[in-house]
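*Asks:* Before we start, here is the structure in question, set down as structure tokens.
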Amino acid sequence: MDFTVEEMRQEPEGYAWSRFGQPEYTNWLDESMSWKETCYIGDWSFLWQHRFTGPDALKLISDFTVNNFEVFDLYQSKHAVHTNKDGKVIHEGVLTRFGDEDFMVHGRGGFWLAYNLEKGNYDASVTNEDWFMYQVSGPNALALLQKLSGSQDLADARYMRAVTITVAGHEIFALRQGMAGEIGFELQGPSSIGAEIYQAVLEAGRDFGIRKMGGRIAMINHLEASFPTIATDYIPAIFDEDMSGYREYFLSSMPPFAKPAYINGSYDGKDISEYYRSPIELGWAKVVTTKRNDYLGAEALAAEKQSPKRVLRTLEWNGDDVLEVQRSLFEPGEHFAYMEMPRDQRGYMWADRVEVDGELVGVATSRGYSYYFRKMLSLATINVDHADVGTEVEVLWGAPGQRQKAIRAVVCPAPYKEDRSRGQLG
């Protein structure tokens, strides 16, 4: 099957973010405040999980992952990024070491590693796992989980390290992380006990103002905290001819009605590769090692890291211009493209042109409304010579061939929200 930008611009059926559960549990405004004021529980159990074991498991991972593995302790996790030969992101996710020869991959990257395990000569094996993954994050998250588990190890947990705790009589893992830019832990364990764990957290959380995170708001914390997401901020680099074998392998795991990506917005790329991104462009330069050149994409990434052309920033959209877009729905004639609140629910890579004096200087993605900041925001990969904080730009709203609106915007840091996820807890 051939894939084109035109085909990916066809509208998907249904809402992509239904994988997080109900669209709303209280309401999305209330839920969006939880990770700043109290805490939330969010369900990421839909992520694929692959477990790699054996003497060559780490060599396999190293050959196809940009990270440095000189230090990789037991129960440590890494944001693992996998790139093609040109240094463009194929997949990324969380990689955890549970033993000397025992590694768990959460996310699509497990398929890429499993494919290369089959094609290569590695003394390793892979199994599909079925774990629950519940994020508990916000100012009250630590106190809640300490009361629930009675564990003091949580306060001593280092960032991206897992500790074992007991909840509802079950020993599970609590990985310290911070996808919302706040103190957070991801609770992990076999799905057979997932419902018990979820209910125990909810019951204990009543005294701490816990909220369930619904699908409408789940990706706003990625936006505020600057966590670019596959198929939303970049298209996976699997559509080149040399990736046809892997593409067929990966798509065989997806429902037959689903496309691997959907595209919308004013950026009028002619080839799918124009929607690829490197880890440098996505703000992940720090995980890209240049201490070795034996992984796929190493040469291209070393050159780009030394002299990047585009970097990741947040754009703060002008409120009056946004209101003009919304106002057009109440006026006769052609209206502007609907600006979903708080953000697109279909799962597009909604890519919009970022311009200065009509010249393309970047691409905006993940547009969403932050109720906490009362701002319309987006992420943007932007040329370095227009990336200074405070630079004024315009975002072109509206797909090619439709009515379009130039929306004023200001370049801001990424993350936009202060990151309070790291540091000592005790």
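*Asks:* State the answer as a single residue: which of Pro413, Tyr371, Val167 lies farthest towards the positive end of the charge dipole of the chain, with beta carbon charges of +1 for Lys and Arg and -1 for Asp and Glu, about the Cα centre.
*Replies:* Most positive-ward Cα: Val167.
*Asks:* Binning every alpha carbon pair distance of the chain at 10 Å from zero, what are the percents per bin?
*Replies:* All Cα pairs, binned at 10 Å, distribute as 4, 21, 32, 28, 13, 2, 0 percent.
*Asks:* Moving to a separate point now. So if I take the alpha carbon set of the stretch 202-250, get Rg, then get Rh from the Kirkwood formula, what is the Rg over Rh ratio?
*Replies:* When Rh is taken as the Kirkwood radius, the ratio is 1.27.
*Asks:* Which value, in nm² and rounded to one decimal, describes the direction-averaged projected area of the C-alpha convex hull of the stretch 52-162?
*Replies:* 8.2 nm²
*Asks:* Using only the alpha-carbon atoms of the stretch 105-209, report the extent along each of the three principal axes, biggest first, to the nearest angstrom.
*Replies:* So the three principal-axis extents are 52, 28, 20 Å.
*Asks:* Toward the positive end of the charge dipole of the chain, about the Cα centre and with charges on Cβ (Lys, Arg +1; Asp, Glu -1), which of Leu282, Ala155, Ser192 goes farthest?
*Replies:* So the residue we want is Ala155.
*Asks:* Please work out the Cα convex hull volume for the stretch 52-107 and give it in Å³ per residue.
*Replies:* 70 Å³
*Asks:* Let me make sure I get this right: for the stretch 1-99, a, b and c are the square roots of the gyration tensor eigenvalues over alpha carbons, sorted descending. Under 1.5 in a/c it's rounded, otherwise prolate if a/b > b/c, else oblate. Which is it?
*Replies:* Oblate shape, in that a/c is at least 1.5 and b/c is the bigger or equal ratio.
*Asks:* State in Å² the accessible area per residue of the stretch 205-266; use a 1.4 Å probe, count heavy atoms of protein chains only, and round to the nearest integer.
*Replies:* Result: 35 Å² of accessible area for each residue.
*Asks:* What net charge is computed for the residues neighbouring Ala157, neighbours being all others with C-beta under 14 Å from the C-beta of Ala157, Lys and Arg scored +1, Asp and Glu -1?
*Replies:* 0
*Asks:* Taking only C-alpha pairs under 8 Å that are 6+ residues apart, what is the relative contact order of the chain in percent?
*Replies:* Relative contact order of the chain: 20 percent.
*Asks:* If you put +1 on each Lys and Arg Cβ and -1 on each Asp and Glu Cβ, how big is the dipole of the stretch 54-187 around its Cα centre, in Debye rounded to 20?
*Replies:* So the dipole magnitude of the stretch 54-187 works out to roughly 420 debye.
*Asks:* Work through the residues other than Ala409 whose Cβ is under 13 Å from its Cβ and net out their charges, Lys, Arg +1 and Asp, Glu -1.
*Replies:* -1
*Asks:* Rg and Dmax of the stretch 190-304 over Cα atoms: what are they, in angstrom?
*Replies:* 19.4, 55
*Asks:* For the stretch 106-158, report the accessible area per residue in Å² (1.4 Å probe, heavy atoms, rounded to an integer).
*Replies:* 43 Å²
*Asks:* Continuing with the same structure: Please give, to one decimal in nm, the separation of the simple spin-label points placed at Lys309 and Glu6, each 7 Å out from Cα toward the Cβ.
*Replies:* Going from the Lys309 label point to the Glu6 one covers 2.7 nm.
*Asks:* Oh, and also: Could you state the orientation-averaged shadow area of the convex hull built on the Cα atoms of the stretch 163-210, in nm² to one decimal?
*Replies:* 3.6 nm²
*Asks:* Oh, and also: I want the local charge near Leu175. Using Cβ-Cβ distances under 9 Å, sum +1 for each Lys or Arg and -1 for each Asp or Glu among the other residues.
*Replies:* Once positives and negatives cancel, what remains is +1.
*Asks:* Ok, one more. With all protein chains present and a 1.4 Å probe, how do Val410, Val325, Val311 order by accessible area, largest first?
*Replies:* If we order Val410, Val325, Val311 from most to least accessible, we get Val410, Val311, Val325.
*Asks:* I would also like to ask the following. Using a 7 Å offset from the Cα along the Cα-to-Cβ direction at both Glu24 and Asp123, what is the distance between the two label points in nm, to one decimal?
*Replies:* Placing both labels 7 Å beyond Cα along the Cβ direction yields 5.8 nm.
*Asks:* Same structure, new question: At what distance in nm do the modelled label points of Leu202 and Ala155 sit from each other, each positioned 7 Å from its Cα along Cα→Cβ?
*Replies:* 3.0 nm
*Asks:* Then there is this: Cα-based Rg of the stretch 298-426 per 2.2 N^0.38 Å, rounded to two decimals?
*Replies:* Here the Cα radius of gyration is 1.18 times the empirical estimate.
*Asks:* Using the Kirkwood formula on the Cα atoms of the stretch 1-49, what hydrodynamic radius do you get, in angstrom to one decimal?
*Replies:* Averaging 1/r across every pair of different Cα atoms and inverting gives 13.9 Å.
*Asks:* Using only the Cα atoms, work out Rg/Rh for the stretch 225-384, with Rh taken as the Kirkwood radius, to two decimals.
*Replies:* Radius of gyration over Kirkwood radius for the stretch 225-384 works out to 1.01.
*Asks:* Which residue, chosen from Gly54, Val126, Thr4, occupies the Cα position most advanced towards the positive end of the dipole of the stretch 1-133, where the dipole is computed from +1 (Lys, Arg) and -1 (Asp, Glu) charges on Cβ about the Cα centre?
*Replies:* Gly54
*Asks:* With a 10 Å radius around each residue's Cβ, average the other Cβ atoms per peptide and rank 172-185, 228-241, 22-35, highest first.
*Replies:* Going by the mean number of other Cβ atoms within 10 Å, highest first, we get 172-185, 228-241, 22-35.
*Asks:* Related question: Is the C-alpha gyration tensor of the stretch 352-405 telling us rounded, prolate or oblate? Criteria: a/c under 1.5 is rounded; beyond that, a/b larger than b/c is prolate, otherwise oblate.
*Replies:* oblate
*Asks:* If you don't mind, another one. Tell me the carbon and sulfur percent of the accessible area for the chain, rounded to whole percent, probe radius 1.4 Å.
*Replies:* 47 percent
The values are calculated or read from the model by the stated rules, or taken from the named source; none is laboratory data. All of these numbers come straight from a predicted model, not from anything done at the bench. Note: ideal-geometry Cβ built from the backbone for every residue, glycine included; neighbour counts use all protein chains shown. Areas reflect the complete protein model, heavy atoms only, side chains present, ligands, DNA and RNA absent. Shrake-Rupley method; radii C 1.70, N 1.55, O 1.52, S 1.80 Å.
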